[in-house]
2 protein chains.
Amino acid sequence: MSDIEIPESHPRYQSLLTRHRIEAGVEKGITSNQGLIAQGRGEAFDYLLGEQTIPSADAAERAAAAHLLLADHPVVSVNGNVAALCPAEVGELAEAVGADVEVNLFNRTEERMQAIADHLREHGVDEVKGLTADGRIPGLDHERAKVDADGIRSADVVVVPLEDGDRAEALGEMDKVEIVVDLNPMSRSAQVATVPIVDNIIRALPNITVHAEELSGASCEELEAIVADFDADDALGAAEKAIRSGGDE
Amino acid sequence: MSDIEIPESHPRYQSLLTRHRIEAGVEKGITSNQGLIAQGRGEAFDYLLGEQTIPSADAAERAAAAHLLLADHPVVSVNGNVAALCPAEVGELAEAVGADVEVNLFNRTEERMQAIADHLREHGVDEVKGLTADGRIPGLDHERAKVDADGIRSADVVVVPLEDGDRAEALGEMDKVEIVVDLNPMSRSAQVATVPIVDNIIRALPNITVHAEELSGASCEELEAIVADFDADDALGAAEKAIRSGGDE
């Protein structure tokens, strides 16, 4: 996290780092115009949330870690903003839980796919899926539906940060455990998730990794208890309450 | 308002029109990357507000119209997002209240200044100020401080929609009546305004114009009574309450 020359103690460090990475993403052809607008929406919700990981989000991140450790074939889905904001953090999470990393774009062009895959590789993600695109998600039109047959198509647990509502819904209907990271608890993506994480992705991914490392020695029973304890509706309710009341749950 | 082929009755018409105009603004070199992120922040606040003009915003728009009609030298300030979103609406407001229109950018380049001035002229704004830049706002660094001596510098009432906090503050210290349009009632711009309007600019500017036309025959006493009746803190409180509670005041 040292790609800008600002001390980490700076009160606006996280916000400035985020801004810097998004701008660099634009220059590299990774972040789209829609991605910039989405970034702004996220900033507003995070501002209302107090720019902090609220307790219910931390619990969701722990449940996500448990799901990922229990999974047979977990996949972390990466779009333009995820790649721009957290390339190394995606790799660290994937390594901690043994997940595949797959690029998955709402506005898919070969050029952007390639730029994102390259960016991930530069940040330590060795194997990047998504370029084969030999599988489909049922219920979506052609370009939107493309995934890898041995990636998201056959995954039992998927992490889909900052995902579009239509695709989150279609993935949910495929009987996968769906872990969504979205700062708007009222969004369709958050509403259809098995585990909705209402938190900034810059805080959420590293925190799932921390939980996964902590839980790496846990038994299946312990992990299943964490999964069973988590209630998506309660988490969404707590997040909306925090946003409406100004960051306190 | 017929620049896209979607019926005005479409439930997402306003949102789609906004998106279309912002995208067109990017293509024309009017909207910056920062402008796209700011647009996203506005979308999130507007979503929480219920995408409607709440009663306190309507009252603020009426007070703004009264201030503008009482002014000796009113100016409407236009930045990239304002120009992209409401070029014709800026012209209509300026005409209704006899205001100057001045381009005023946070990231000022001659190229963007020119693109915005051209875009405004294409939409019926005949005289566009801001290119002379022979005046300064005290308390701001060089590029940020530039304004026209016979425009914003000498105005007694300024409309500054979607304005940066530093500049809103510096303008407020010049003893001008400052009318701010900003969807975030907690923003510094909204906090320092004489009249903070917490509303989408796409709804706000036409509604100020409607009020100005309605009040065109009013006496100075009537206009002054409207101005005196308006309380900025009450309006900000009502807007924040609406955002926190989901659109109801």
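A short reminder: the numbers here are calculations on the coordinates, not readings from a lab. Model, not experiment: these values are computed from the prediction. In this analysis, Cβ positions are derived from the backbone assuming ideal geometry, glycine residues included, and neighbour counts consider all displayed protein chains.
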- Could you give the size of the charge dipole of the protein assembly as shown about its Cα centre, using +1 on the Cβ of each K and R and -1 on the Cβ of each D and E, expressed in debye and rounded to the nearest 20? 720
- Message: Can you tell me what share of the DSSP beta bridges in chain A is antiparallel? A percent to the nearest 5 is fine.
- Response: 10
- Averaging sequence separations of C-alpha pairs under 8 Å and six or more residues apart, then dividing by the length of segment B:165-249, give the relative contact order as a whole percent. 24
- Message: Can you compute the charge dipole magnitude of segment B:99-237 about its Cα centre, using +1 on each Lys and Arg Cβ and -1 on each Asp and Glu Cβ, nothing else charged? Give it in debye, rounded to the nearest 20.
- Response: 540
- Under the definition of partner shielding as Cβ atoms of other protein chains within 10 Å of a residue Cβ, what is the mean value for peptide A:179-186? 1
- What gaps in nm, shortest first, separate B:Asp72 from its twins in the other copies when you place the label 7 Å past Cα toward the beta carbon? 8.1
- Task: Provide the per-residue ³J(HN,Hα) series for segment B:175-184, in order, calculated from phi with Karplus coefficients 6.51, -1.76, 1.60 and θ = phi - 60°, each as a whole number of Hz, with x at glycine and proline positions.
- Result: 6, 8, 6, 10, 9, 10, 10, 7, 6, 9
- Message: I need the peptides A:232-238, A:32-38 ranked by packing, meaning the mean over residues of other C-beta atoms within 10 angstrom, with the highest value on top.
- Response: A:32-38, A:232-238
- Query: Across segment A:116-127, in residue order, what do the Karplus-derived ³J(HN,Hα) couplings come to in whole Hz, using 6.51 cos²θ - 1.76 cosθ + 1.60 with θ = phi - 60° and x for Gly and Pro?
  - Reply: 6, 4, 4, 4, 5, 4, 4, 9, x, 8, 6, 10
- Message: Over chain A, what is the relative contact order in percent, taking alpha-carbon pairs closer than 8 angstrom and at least six residues apart?
- Response: 24
- Could you pull the copy-to-copy label distances for A:Asp234, with points set 7 Å along Cα to Cβ, in nm to one decimal and sorted shortest first? 4.3
- Message: What whole-number distance in Å separates the alpha-carbon centres of segment B:4-58 and segment A:164-228?
- Response: 30
- Item | Under 24 Å between alpha carbons - lysine pairs in the protein assembly as shown that sit 8 or more apart or on different chains | 12
- Of the candidates A:Ser77, A:Ile201, A:Leu17, the farthest towards the positive dipole end of chain A (Lys/Arg Cβ +1, Asp/Glu Cβ -1, centred on the Cα centre) is A:Leu17
- Query: Once amide H atoms are placed 1.01 Å from N in the peptide plane, what residues at a sequence separation of 5 or more from A:Val181, or on another chain, have their amide H within under 5 Å of its amide H?
  - Reply: A:Val160, A:Leu162, A:Glu163, A:Ile197
- Message: If you restrict to DSSP beta bridges whose two residues both lie in the protein assembly as shown, what percentage is antiparallel, to the nearest 5?
- Response: 10
- Item | Under 5 Å, built H, 5+ apart or other chain: amide partners of B:Val101 | B:Val76, B:Lys129
- Note on the structure: Gyration tensor (Cα only) of the protein assembly as shown to equivalent ellipsoid, semi-axes in Å sorted down, yields 45, 23, 20
- Put a point 7 Å out from Cα along the line to Cβ at A:His123; what are the distances to that point in the other copies, in nm, shortest first? 3.6
- Per the rotation taking chain B to chain A, min distance Cβ-to-axis on chain B (residue, whole Å) equals B:Gly40, 1
- Query: Is there a simple number for the mean count of other chain Cβ atoms within 10 Å of the Cβ of residues in A:60-69, and what is it?
  - Reply: 0
- Message: Spelling out what I want: for every residue of segment A:204-209, take phi, set θ = phi - 60°, compute 6.51 cos²θ - 1.76 cosθ + 1.60 (Karplus), and round to whole Hz; glycine and proline get x.
- Response: 5, 4, x, 6, 5, 4
- MRE, 222 nm, helices only [DSSP H, n ≥ 4, -39500 (n - 2.57), over chain A, to nearest 500]: -16000 deg cm²/dmol
